[in-house]
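*Asks:* The structure follows.
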Amino acid sequence: MANQDTAILDFGSQKITVLIGSRDVNNTINIRCLYEESYEGFMDGEFITPDNLEQEILASIKGAEKICGRQIKNLTVGVPTEFCFCMCKSVTKTFQKQKRITKRDIDELFDSVDIDLKTHTVINRDSVYYVLGESNKVKDPIGQIENKITACLSFILADNSFLNFVSKILVRIGLDEFNFVSSAYAQSLYLFDEEERDKYVLMVDCGYITTTVMLARGNGILNLTSFSLGGGHIAADLSKCLKIPFNASEQLLRKIVLCIEPDENDTYDIMVDRNVIPVSMRVANAIVESRIEVIVQVLQKCFSSWQYNFPDFIPLKLTGGGLSFIKGGKDVLSKLLGKNVEVISLPYNITMKTNYSSCMAVLNFAINNN
């Protein structure tokens with residue numbers, strides 16, 4: 001790869017994606033290579049077919065190398081939320097006299113937090129906010145003069161079984177230089193600007209078989225949850241209830257329009273075994289809306305279980321390929337939640353769709369920290 005190129009690998013719930021790119025003019029991201037390898041994904045914090053993962057990771061990396069014509073020598077790996085959790089801690093440091101705050105002081109604040117978990121490892125840490133003195137809240141305290149600093153700090157911890165399993169695979173296939181980042185943490189920094197994050201960000205990334213729910217503020221994450229429900233479950237419902245093949249149900253899902261009230265005789269036409277089959281719009285829409293109701297019930301359980309609350313007026317930001325592509329899906333979600341729902345567009349690259357928000361965020365993070 002060219003010296004300025006950066007490579008990442010991201011585990012989606014349907015595909016392993018390798019992206020290679022670099023920073024371009026106006027802060028855009030120039031994608032040099034995108035390679036996707038289908039796999040069975042993960043559920044409930046475990047890979048569905050772990051025995052196949054080494055071959056699938058190798059195929060995704062070799063596929064990307066073939067496209068770009070160069071060997072990948074270092075890699076940033078996105079860790080899905082199903083293998084992570086977040087922890088927030090408040091810590092205060094008092095100096096003997098007023099002094100100018102340095103980066104070393106901030107590093108010592110983070111290092112003073114005792115997180116001793118044999119099962120998990122901190123892969124990312126960042127600040128939610130800082131308070132100088134008694135009440136002066138600031139984004140960046142470095143360079144400020146004060147004798148006391150308090151910080152709300154956010155830590156993302158990844159399951160050691162995931163880190164060890166993936167690390168061993170990467171070493172076996174010849175990659176010695178790699179690091180890990182929480183995909184959700186990367187999304188919080190990529191999808192939302194500083195002004196949005198200062199006012200809280202509530203994000204739902206609904207994928208194919210898994211959904212991430214995140215509350216972020218400042219540069220940190222306050223709450224982070226995932227559950228195994230997504231667009232694939234909606235397609236499975238259509239297949240089961242309408243007694244059609246699964247590939248036909250996925251075809252049907254792309255035709256669904258929930259933002260109109262269909263007449264009794266309105267139908268969607270799908271191809272099954274080279275035959276055009278009409279499907280009642282009312283019935284198909286009802287099946288999709290029923291599954292969205294289930295997703296909303298789980299979302300509400302997530303919100304009620306969180307340690308940190310959020311203002312009712314902030315919108316829910318929707319991304320991922322599970323719900324955002326369903327025409328009218330966000331409107332149903334909004335009605336059921338009683339909250340404004342907005343589909344996020346990806347910054348720096350107008351050609352990529354929301355199902356690439358996770359891998360684009362990991363690439364953006366990797367480029368910034370290359």
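*Asks:* Answer yes or no: is there a residue in region 76-83 that is farther than 19 Å from ASP205 by Cβ and either part of a strand (DSSP E or B) or not aromatic (Phe, Trp, Tyr) (or both).
*Replies:* So far as region 76-83 goes, no, none of its residues is farther than 19 Å from ASP205 by Cβ and either part of a strand (DSSP E or B) or not aromatic (Phe, Trp, Tyr) (or both).
*Asks:* Here are ILE277, ILE287: which of them is modelled with pLDDT of 95 or more, under 26 Å from SER249 (Cα atoms) and not acidic (Asp, Glu)?
*Replies:* None of the others qualify; the one that does is ILE287.
*Asks:* In the set VAL294, VAL283, which member is assigned to a helix (DSSP H, G or I) and either surrounded by 18 or more Cβ atoms within 10 Å (Cβ to Cβ) or within 21 Å of the chain's Cα centre (by Cα) (or both)?
*Replies:* VAL294
*Asks:* Would you point out the residue of region 319-370, among those that are among the β-branched types (Val, Ile, Thr) and farther than 24 Å from VAL298 by Cβ, that is nearest to the chain's Cα centre (by Cα)?
*Replies:* This residue is VAL362.
*Asks:* Filter region 84-106 down to the residues that are of a type in the set (Val, Ile, Thr) and outside any loop (DSSP other than H, G, I, E, B) and list them by number.
*Replies:* VAL91, THR92, THR94, ILE106
*Asks:* Okay, moving on. If a residue has to be assigned to a loop (DSSP other than H, G, I, E, B), surrounded by 20 or more Cβ atoms within 10 Å (Cβ to Cβ) and touching a Cys at 6+ places or on another chain (Cβ under 8 Å) to count, how many in region 1-51 make the cut?
*Replies:* The total comes to 1.
*Asks:* Okay, next question. Only one residue in GLU54, GLU65 is without any contact (Cβ under 8 Å) to a residue 12 or more places away in the chain, over 21 Å from the mean Cα position of the chain (by Cα) and surrounded by 15 or more Cβ atoms within 10 Å (Cβ to Cβ). Which one?
*Replies:* It is GLU65.
*Asks:* If you take the residues of region 102-138 that are among the acidic types (Asp, Glu) and loosely packed, with under 12 Cβ neighbours inside 10 Å, which of them is farthest from SER90 (Cα to Cα)?
*Replies:* Only one residue fits best here, namely ASP116.
*Asks:* Residues in region 228-247: is at least one surrounded by fewer than 17 Cβ atoms within 10 Å (Cβ to Cβ), charged (D, E, K, R), free of Cβ contacts under 8 Å to residues at least 12 places away in the same chain and within 30 Å of TYR39 (Cα to Cα)?
*Replies:* yes
*Asks:* Check region 327-347 and report whether any residue there is among the polar types (S, T, N, Q), in contact with a Pro (Cβ under 9 Å, 6 or more places away or on another chain), closer than 30 Å to MET281 by Cβ and not in a helix (DSSP H, G or I).
*Replies:* yes
*Asks:* How many residues are touching a helix residue (DSSP H, G or I) at 6+ places or on another chain (Cβ under 6 Å) and surrounded by 17 or more Cβ atoms within 10 Å (Cβ to Cβ) if we restrict to region 81-101?
*Replies:* 2
*Asks:* Moving on. Filter region 303-318 down to residues that are loosely packed, with under 10 Cβ neighbours inside 10 Å and in contact (Cβ under 8 Å) with a residue 60 or more places away in the chain and give me whichever is farthest from the chain's Cα centre (by Cα).
*Replies:* Here the answer is PRO311.
*Asks:* Going by the structure shown, is LEU109 assigned to a loop (DSSP other than H, G, I, E, B), touching a strand residue (DSSP E or B) at 6+ places or on another chain (Cβ under 8 Å) and not assigned by TED's automatic domain parsing to the domain that holds ASN164?
*Replies:* no
The values are calculated or read from the model by the stated rules, or taken from the named source; none is laboratory data. Being a predicted model, the structure only gives us computed values, none of them experimental. All Cβ positions, glycine included, derive from the backbone under ideal geometry; neighbour counts span all protein chains shown.
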